[in-house]
Amino acid sequence: MKPAALNALKVIISEFDAPICPACDEELADNDGLCKRCRDSLPFLTPPFCRDCGGENYGILEICPECVARGPSPWACALSIMKMENLGRELVHKLKYAGETSVAKVFGHLCADKWKREGMHVDGVVAMPAHPVRSLARGFNQVDLITAVFAKETHLPVIRPIRRVRATPRQARLNREARLRNLKNAFAPKRRAPASGRILLIDDVMTTGATMMAASQAILDAGAREVVAMSILRAV
Ligand SMILES: [Zn+2]
Ligand SMILES: [Zn+2]
């Protein structure tokens with residue numbers, strides 16, 4: 001079994017463990033993910049939301065000033081859940097760098113909650129593909145795990161119409177121009193797994209949106225009619 005599949009299985013099996021809060025290790029009465037105190041301190045984004053990045057929008061237009069500056073994006077609209085700060089940042093670090101896979105369950109539930117509130121329709125869900133070398137080093141792709149939990153709860157099919165095609169230097173060290181250059185052609189549609197209809201693309205963190213843009217474009221190239229981009233954390 002592939003490490004990602006094994007970890008997805010662990011997340012599902014952990015539904016039956018004595019539940020503890022992955023943020024503070026407190027024992028939980030039910031298996032809802034986080035304890036009430038931690039859940040109440042999550043840095044949720046508050047409306048009005050920007051249609052184009054899902055972040056908070058204090059501007060006078062439907063899309064935020066940052067998205068106006070970035071120019072048109074390939075997705076139809078974007079949703080996001082939390083700010084990349086405090087407990088939000090802590091949880092994503094626990095998941096990505098400390099291998100706390102139970103955080104994926106929390107994030108998957110949060111995505112499903114948001115999705116249900118939005119009441120949208122999509123035909124399939126895509127997890128942002130990680131670079132194979134990076135997920136091999138980590139043992140799993142955290143977005144795969146989040147997407148598996150989300151799909152289980154929403155009964156949506158997970159599809160894999162795109163793949164990473166080039167090793168990309170770590171995005172965090174690059175500025176926006178360099179990121180865009182770096183990501184051009186970083187994803188390609190898979191010839192044997194076309195997409196169709198409206199597709200939801202999930203990623204953990206959206207910063208400049210460059211990765212989301214490149215992957216969305218590849219999903220459209222794979223045959224999808226429309227992409228909805230969803231990130232758990234919106235970093236600005
Ligand atoms: Zn807690
Ligand atoms: Zn925006």
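Each value in this text was obtained by applying a stated rule to the coordinates, not by laboratory testing. Worth saying up front: this structure is predicted, and the values here are computed from it rather than measured. Here the Cβ is made from the backbone with ideal geometry for all residues, glycine too, and neighbour counts use every protein chain on show.
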Antiparallel bridges, percent of DSSP beta bridges restricted to segment 3-234 (to nearest 5): 25
For segment 3-234, size of Cβ-based charge dipole, Lys and Arg +1, Asp and Glu -1, in debye: 1220
Going by amide H atoms built from the backbone, whose H comes under 5 Å of the H on ILE20, apart from near neighbours? LEU28
Are there any trypsin sites (Lys or Arg not before Pro) in segment 180-231 that are in a DSSP loop and have at most 11 other Cβ atoms within 10 Å? List them by number. ARG191, ARG192
Full extension from GLU66 to ARG134: what is 0.36 nm times the residue separation minus their Cα-Cα distance, to one decimal in nm? 21.5 nm
Relative contact order (%) - criterion: Cα under 8 Å, at least six apart; region: segment 18-93: 27
Hey, can you grab everything whose amide H is under 5 Å from the amide H of MET82? Only 5+ residues off in sequence or another chain; H modelled, so Pro and N-termini drop out. LEU45, LEU233, ARG234
How many percent of the alpha carbon pairs in segment 3-234 exceed a separation of 22 Å? 51
